[in-house]
1. What is the dipole size for the chain, taken about its Cα centre, with +1 at each Lys and Arg Cβ and -1 at each Asp and Glu Cβ, in debye to the nearest 20?
2. Where does the chain land at 222 nm, in deg cm²/dmol rounded to the nearest 500, when only DSSP H runs of n ≥ 4 count, each adding -39500 (n - 2.57), divided by all residues?
3. Could you sort the peptides 240-246, 229-235 by per-residue average Cβ neighbour count (10 Å cutoff), highest mean leading?
4. In whole Hz, with x marking every Gly and Pro, tabulate ³J(HN,Hα) for segment 225-235 from phi via Karplus 6.51 cos²θ - 1.76 cosθ + 1.60, θ = phi - 60°.
5. Helix 66-84: angle to the longest alpha-carbon principal axis of the chain, degrees 0 to 90, nearest 10?
6. Per 0.36 nm of contour for each residue apart, how much would the distance between residue 178 and residue 55 grow if the chain were fully extended, relative to their Cα-Cα spacing?
7. Hey, what do the phi angles of segment 183-192 turn into as Karplus ³J(HN,Hα) couplings, whole Hz, using 6.51/-1.76/1.60 and θ = phi - 60°, x for Gly and Pro?
8. Could you compute the net charge surrounding residue 225? Neighbours are other residues with a C-beta less than 13 Å from the C-beta of residue 225; K and R count +1, D and E count -1.
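Every number here is computed from the coordinates shown, using simple stated rules; none is lab data. Please read all numbers here as calculations on a predicted model, not as lab measurements. Positions of Cβ are generated from backbone atoms using ideal geometry, with glycine treated the same way; all protein chains shown enter the neighbour counts.
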Amino acid sequence: MHDGEKTGGLTGFVRQSLALAEMELRKLLHDPTELLTRIIQPVLWLGIFGEVFTRIRAIPTGQLPYLDFMAPGVLAQSVLFIAIFYGIAAIWERDLGLIHKLLVTPVPRLALVLGKALSAGVRALPQAAMVYILAWALGVRINWRVPALAGVALTVLLGAAAFSTLSLIAACIVKTRERFMGIGQALTMPLFFASNAVYPISIMPSWLKAFAQINPLTYEVDAMRALMVAGGRSLYGIGLDLAVLVATTVALLGVASRLYPNLAR
């Protein structure tokens, strides 16, 4: 009886989280132009920055051509940019009174936060598909094997969930759209440039290497590079990369679930 109650509770928790994620995804279906506007940045990075640095050979990338090295980093950047500004949607919801309505329901706070994290992850998957197509069109040697594609999809989901939850934490702290925009920029640039997205960690100064080693984006890119590109390798091991992303997501979900009610105050 006790075990059945636990199972039912867990099943209900999962259903509530998925229902909230589905509600968030309906917004994307109502405005598919968002997907088209988000592809502009990857086009600029791969089509301009990547092509130029491939020609001048300014960054050492070992056996990988620079465009191949950079493509997983651009994918991770796209996921980061989608997720890190996710908190501003929560502020809009607060202003519209939606958060107050959610908080008076019996749905656990953790389920509310997890639902948003899941929806951010699924939102990032179409973006990943477009980056794949763009990279392939530019000559990147894509690894099309099903296990590799599934591994990239899992990495995208975990990365988006982690950074969208970090974004939600920031929204719960600053509580206004104006302040959040500044915080979003302040988070995005250090996370991106203090990672292995566009250059290897080996050429970084010592202080930047130390930051890169604790940056979750570094492990996201490392896993993507091994899975997405033919001939790509993981410096830390894909298992460790995914473990870091899972641990980061779980820790941030715990913090966000405690802070989430503060957003409504």
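1. Working: 22 positive and 14 negative charges, 52 e Å.
Computed charge dipole of the chain: roughly 240 debye.
2. Numbers: 13 runs with 199 residues, N = 265.
So the calculated ellipticity at 222 nm is -24500 deg cm²/dmol.
3. Numbers: 240-246: 18.1, 229-235: 16.4.
Ranked by mean Cβ neighbours within 10 Å, highest first: 240-246, 229-235.
4. For segment 225-235, the Karplus curve yields 5, 6, 8, 7, 10, 5, x, x, 10, 9, 6 Hz.
5. Helix 66-84 sits at roughly 20 degrees to that axis.
6. Numbers: separation 123, 0.36 × 123 = 44.28 nm, distance 4.06 nm.
Residue separation times 0.36 nm, minus the Cα-Cα distance, leaves 40.2 nm.
7. 5, x, 5, 5, 7, 5, 5, x, 4, 6
8. Details: positive: 141, 233; negative: 68, 220, 222, 241.
Here the count lands on -2.
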